[in-house]
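The values are calculated or read from the model by the stated rules, or taken from the named source; none is laboratory data. The structure displayed is predicted, hence computed values, not measured ones. Glycine also receives a Cβ, built like all others from the backbone with ideal geometry; neighbour counts cover every protein chain displayed.
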């Protein structure tokens, strides 16, 4: 994440994103790529804290809503209110719901409903690890 992440948003030029993001972060966040299943650092990560957008630093998810879905990517059953936008995605010949960061528009992954997970929302936000950065909860 860039040192000036607070200044990054939807109107940030792609040339700037290419400078502040790694090649893989750019591919996923800006080009709507997907990391390979089971390869992300946060897939089996369950420490207490907040998951922020890897592009702009916006808080997106808390560890309280993370669960082990077995899908190969980090899974959350709900976002921090107002942090994530949903868009219909028909890019792979099927209808899916893409999720993006509300502040910078960075691609996070997709949200699926009705899969039967024992969560309060019956949703699975399937998020690329490269799209997020973990901030541990401060111990008092």
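How many residues are in a loop (DSSP other than H, G, I, E, B), over 11 Å from residue 126 (Cα atoms) and more than 12 Å from the chain's Cα centre (by Cα) if we restrict to the stretch 69-103?
Counting residues in the stretch 69-103 that are in a loop (DSSP other than H, G, I, E, B), over 11 Å from residue 126 (Cα atoms) and more than 12 Å from the chain's Cα centre (by Cα) gives 9.
Scanning the stretch 102-114 for residues that are touching a strand residue (DSSP E or B) at 6+ places or on another chain (Cβ under 6 Å) and surrounded by fewer than 23 Cβ atoms within 10 Å (Cβ to Cβ) yields a total of 5. Annotation note: Cβ proximity below 7 Å between a residue of the stretch 21-50 that is on the phi > 0 side of the Ramachandran plot and surrounded by 11 or more Cβ atoms within 10 Å (Cβ to Cβ) and a residue that is outside any loop (DSSP other than H, G, I, E, B) and modelled with pLDDT of 95 or more (sequence gap 6+ or interchain) occurs for 32/107; 49/63; 49/134; 49/135; 49/136.
Here are some residues: 133, 139. Which one is surrounded by fewer than 21 Cβ atoms within 10 Å (Cβ to Cβ), more than 16 Å from the chain's Cα centre (by Cα) and either modelled with pLDDT under 95 or over 17 Å from residue 82 (Cβ atoms) (or both)?
None of the other options fit; the residue is 139.
Taken as a whole, the stretch 108-128 holds at least one residue that is part of a loop (DSSP other than H, G, I, E, B) and closer than 20 Å to residue 55 by Cα.
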